[in-house]
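Chemist: Below is a structure I'd like to ask you about.
The values are calculated or read from the model by the stated rules, or taken from the named source; none is laboratory data. In this text, all values refer to a predicted model and were calculated from it rather than measured experimentally. Counting neighbours? That spans all protein chains shown, and the Cβs are built from the backbone with ideal geometry, glycine included. Surface accessibility is based on the protein's heavy atoms, side chains included, excluding ligands, DNA and RNA. Shrake-Rupley method; radii C 1.70, N 1.55, O 1.52, S 1.80 Å.
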Amino acid sequence: MTGLPRFAAPSGTTPTPAMTEAWRRDGLLVVEDAIDPTDCDALIERSLAIVDAWDPEAGSAVFSTTAPKHAAEAYFRGSGDSIRVFLEAGAVDDSGRLTQPKRLAVNKIGHAMHDLDPVFATVSRRPMLARLAHGLGLADPRLVQSMVVWKPPSIGGEVVCHQDATFLITEPDTVIGFWLALEDADTRNGCLYAIPGGHRGPLRQRFRQVGEDLAVQTLDETPFDEAAKVALPVRKGTIIALHGHLPHGSAANTSDRSRLAYTLHAVDGAARWSPDNWLKRDPDMPFRGFEAESG
Ligand SMILES: O=C(O)CCC(=O)C(=O)O
């Protein structure tokens, strides 16, 4: 277990001073029982329905952070304002065909469920998330990206250590990640880990559009302090808020249990959204905040 503090969902409208202090010091906040288990179940149910309804023949791509070939694929590049299913590398053969049932083959679903799916849209706008976003410094939070990270039993892939500001660029950097455990997560089924305090180090990379391509650019060669990684086992319904510069990731799922998580990324509307972002939106579908209707 970790020595990091764990907090109960704040009863007031803002995070407590102890939470704000932990956020400033660690760059992450573990908030237990933040989202009702029935909401977690509803998101799992919707996720299963999305996967069941999805026809792999109509479009698919493998998503992997260890061998990131997805960056070249139109299926990935067009997923910023849609709902698309991505596969584990270990679930397809050399020609890209599924070698196992869909539900056991998914790497993730992304990246706009929070705007396009009514169940995800509702849970993404629960007051607890809005309070955390405001309380952690987003003056005008905008929800830019959502993912269900699937981690199927046995083949759920590693998410390599990264900083979210690498992938979601505003000027200045403002992104905060809200990672919600839809199921209990521990070290055997690939819970998150993080490097507390690592948000005070430099941003190492940018993943951005360069000409017609998406490319990773190195900004700073300082390695992540692997020895300082702390595992974050949590119960279903826990939210882990992650500063955009905080190094974090997750190990492969080697267990016989799944480890579904929902991750929602917000930026500050007061900052400039870089046109270089990989994530593109149709002009008719601007980023929304936590309000139920567009605002
Ligand atoms: O759910 C995971 O395993 C990793 C998710 C993550 O790192 C992210 O959303 O930035």
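Chemist: From the Cα gyration tensor of region 70-176, with a ≥ b ≥ c the square roots of its eigenvalues, which class applies: rounded if a/c is under 1.5, or else prolate if a/b is larger than b/c, or else oblate?
Modeler: Details: a/c = 2.14, a/b = 1.81, b/c = 1.19.
The shape class here is prolate.
Chemist: Can you count the Lys pairs in the chain with C-alpha separation below 17 Å, eight or more apart or on different chains? Working shown, then result.
Modeler: Details: K69/K108; K102/K151; K108/K151; K151/K236.
Value for the chain: 4.
Chemist: In addition: What relative contact order, as a whole-number percentage, does region 60-213 give when Cα pairs under 8 Å and 6 or more residues apart are counted? Before the final figure, lay out the partial values.
Modeler: Details: 181 pairs, mean separation 31.5, N = 154.
Reported relative contact order: 20 percent.
Chemist: Is the shape of region 1-64 best called rounded, prolate or oblate, per the rule: a/c under 1.5 gives rounded, else a/b larger than b/c gives prolate, else oblate, with a ≥ b ≥ c the square roots of the Cα gyration tensor eigenvalues? Mind showing how you got there, number by number?
Modeler: Values: a/c = 3.53, a/b = 2.14, b/c = 1.65.
Because a/c hits 1.5 or more and a/b exceeds b/c, region 1-64 counts as prolate.
Chemist: Here's a follow-up. Roughly how many nanometres apart are two label points built 7 Å out from the Cα toward the Cβ at T99 and D225?
Modeler: 4.0 nm
Chemist: Suppose a student asked you for the relative contact order of region 1-96, using Cα pairs under 8 Å spaced at least 6 residues apart; what percent would you report? Could the numbers behind the result be given before it?
Modeler: Working: 59 pairs, mean separation 19.6, N = 96.
Rounded, it is 20 percent for region 1-96.
Chemist: If you don't mind, another one. Modelling each spin label as a point 7 Å along the Cα-to-Cβ direction, I'd like the A42/E158 distance in nm, to one decimal.
Modeler: 3.7 nm
Chemist: Another question about this same structure. So what's the convex hull volume per residue for the Cα atoms of region 138-202, in Å³?
Modeler: Working: hull volume 8.1 nm³, N = 65.
Roughly 124 Å³ of hull volume per residue.
Chemist: Inverting the mean 1/r over all pairs of different Cα atoms, compute the Kirkwood radius of the chain and quote it in Å. Mind showing how you got there, number by number?
Modeler: Details: mean 1/r = 0.0523 Å⁻¹.
By the Kirkwood definition, the hydrodynamic radius is 19.1 Å.
Chemist: While we're looking at this one, here's another question. Most fluctuating residue of V149, V51, V92 in a GNM of the chain with Cα springs under 10 Å: which is it?
Modeler: V92
Chemist: Around L28, under 14 Å between beta carbons, what's the net of Lys plus Arg minus Asp minus Glu among the other residues? Don't skip to the end; give the middle numbers.
Modeler: Details: positive: R6, R24, R25, R200, K229; negative: E21, D26, E32, D164.
That sum, taken over residues with Cβ under 14 Å, equals +1.
Chemist: For region 1-143, count all C-alpha to C-alpha pairs, find those more than 17 Å apart, and express that count as a whole percent of the total. Intermediate values should be presented prior to the final figure.
Modeler: Details: 6964 of 10153 pairs.
When every Cα pair of region 1-143 is considered, 69 percent fall beyond 17 Å.
Chemist: Which residues in region 156-200 place their backbone N less than 16 Å from a point set 7 Å from the Cα of A270 along the Cα-to-Cβ direction?
Modeler: Once the point is set 7 Å along Cα→Cβ of A270, 170-176 turn out to lie under 16 Å by backbone N, inside region 156-200.
Chemist: Springs between alpha-carbon atoms under 10 Å, Gaussian network over the chain: tell me which of P141, P283, P196 tops the mean-square fluctuations.
Modeler: Answer for the Gaussian network model of the chain: P283.
Chemist: For the chain, which whole percent of the accessible surface, found with a 1.4 angstrom probe, sits on carbon and sulfur atoms?
Modeler: Values: 6720 of 12560 Å².
That share works out to 53 percent.
Chemist: Another question about this same structure. Taking a probe of 1.4 Å, how large is the accessible area per residue of the chain, in Å²? Walk me through the intermediate numbers first.
Modeler: Working: 12560 Å² over 295 residues.
Result: 43 Å² of accessible area for each residue.
Chemist: Once every DSSP H run of n ≥ 4 in the chain is given -39500 (n - 2.57) and the sum is divided by its residues, what mean residue ellipticity at 222 nm do you get, rounded to the nearest 500 deg cm²/dmol? Spell out each step's value before the answer.
Modeler: On the way: 6 runs with 51 residues, N = 295.
Value at 222 nm, helices only, nearest 500: -5000 deg cm²/dmol.
Chemist: In percent, what relative contact order does region 100-166 have, based on Cα pairs under 8 Å that are 6 or more apart in sequence?
Modeler: On the way: 51 pairs, mean separation 32.2, N = 67.
Result for region 100-166 is 48 percent.
Chemist: Okay, moving on. Just grab the label-to-label distance for A215 and R25, each label 7 Å out from Cα along the Cβ direction, in nm (one decimal).
Modeler: Result: 4.2 nm between the two label points.
Chemist: Now for a separate question. Dividing the convex hull volume of the alpha carbon atoms of region 153-295 by its residue count, what do you get in Å³ per residue?
Modeler: Numbers: hull volume 19.7 nm³, N = 143.
Taking the convex hull of the Cα positions in region 153-295, it is 138 Å³ per residue.
Chemist: Right, another one. How compact and how long is region 53-112, expressed as Rg and Dmax of its alpha-carbon atoms in Å?
Modeler: Both quantities, over Cα of region 53-112: 10.6, 29 Å.
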